[in-house]
Each structure stands twice: as C-alpha cells, then as structure tokens.
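Here is the structure we will look at.
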Amino acid sequence: MWVKMILITVAVVMMSVKVDLSQTLLKDMTKNFLKAYEQCQQELSLPESTAKELMFFWKDGYEVSSREAGCTILCLSKKMDLIDPEGKLHKGKSADFVKQHGTDDETANKVVDILHTCESNAAPNDDHCMVALAVALCFKKEIHNLNWAPDPEVILEELMAEMS
C-alpha cells in the first residue's frame, strides 16, 4: 500500500517537474524571440499593436490574428535560422535552438515534432505570413494542451528587468 502511494507521489512530482521545466523552456525561447523583435519591427515597419499581440501570445484565450503578427513570427524564425531555404521548418536547427535553452533531447524532439505537425497541417496559402501565423496558433494550442505554456506576465516582467 505504502509503496503504491510513494510511486504515485513520485509520478506526480516528476510530471510536475517536467511541466515546470517545459514552461521555463518555452518562456526562455519566447524571450529570445522577443529580443530579436526590434530588428523585425524596423525591417517590416510594424505597428505597436504587433508587439502587444506577441507579448500576450501565450495567454490562454488571447487570439493573435493580424497578418503583421504572422510576418513577425516568420521574420523572427528566419533571424533565429529555424527555416530552411524553401521556407520550411529546419528540424535539426530547430532542435538545436530548443536544446540551447537547457532541455533534453526528448523534450526538444517533442517541441519540434509539434511544430512540424502544425506546419504539415497548415492549409496551403500563398501568403507566407498567414501560414506562419497558422503554424504558430496550432503550436500554441498544442503547448497549452500539454500545460507547457509560459506565463506571459512573467515573460514581460523578466524582459523589463533585463532592460533596466
């Protein structure tokens, strides 16, 4: 009886640790994307509303919908060298990017698999910005389903602290 309770407790703790680590991973990745935002903002002449959309991207129930947000996500992905010359997700470089944020191979592969599945399921569209937005929204949904989504307010607080 005690052994069973201990095993259940350990399993719950391990799942909680995995969720916490995954939330930290996604938070750190998001912060790196947002740090590169200024370059894309200048290149694309983005309105201020795009920054707000991206700052609250992970907020549950918040719907990012503008084409500019999709263009920004595409620009940031290119800046991070995550897209191959054909405009598709580069699995190896994406996995390396995820691992650079302190995760293990299993989690990195899970993140890349989610991205790849979202990319494969995106409806064909000649507007690459809208495709990038569709992939990002699919990714957000799947990350929320895993309970891995970072808290957008923590991201904002940490970015503000780093800027001061």
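The values are calculated or read from the model by the stated rules, or taken from the named source; none is laboratory data. In this text the structure is predicted, and so the values were computed from the model without any measurement. Reconstructed Cβ throughout: ideal geometry from the backbone, glycine too, with neighbour counts over all protein chains shown.
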task: Filter region 140-153 down to the residues that are surrounded by 15 or more Cβ atoms within 10 Å (Cβ to Cβ) and part of a helix (DSSP H, G or I), then identify the one that is modelled with the lowest pLDDT.
output: Pro152
- request: Keeping to region 60-114, report how many residues are of a type in the set (Ser, Thr, Tyr), under 20 Å from Ala36 (Cβ atoms) and over 15 Å from the mean Cα position of the chain (by Cα).
  value: 1
query: Looking at Phe97, is it touching a Pro at 6+ places or on another chain (Cβ under 9 Å), under 21 Å from Pro152 (Cα atoms) and either surrounded by 16 or more Cβ atoms within 10 Å (Cβ to Cβ) or modelled with pLDDT under 85 (or both)?
result: no
field: Meets criteria (aliphatic (A, V, I, L, M) and in contact with a Phe, Trp or Tyr (Cβ under 7 Å, 6 or more places away or on another chain)) for Ala149
entry: yes
field: Qualifying position, being closer than 22 Å to Gln39 by Cβ and modelled with pLDDT under 90, among Leu159, Leu133
entry: Leu159
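Within the bounds of region 92-102, is there any residue that is in contact (Cβ under 8 Å) with a residue 60 or more places away in the chain, among the aliphatic types (A, V, I, L, M), farther than 19 Å from His144 by Cα and in a helix (DSSP H, G or I)?
no
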- request: Using the structure shown, decide if Ala132 is without any contact (Cβ under 8 Å) to a residue 12 or more places away in the chain and small (Gly, Ala, Ser).
  value: no
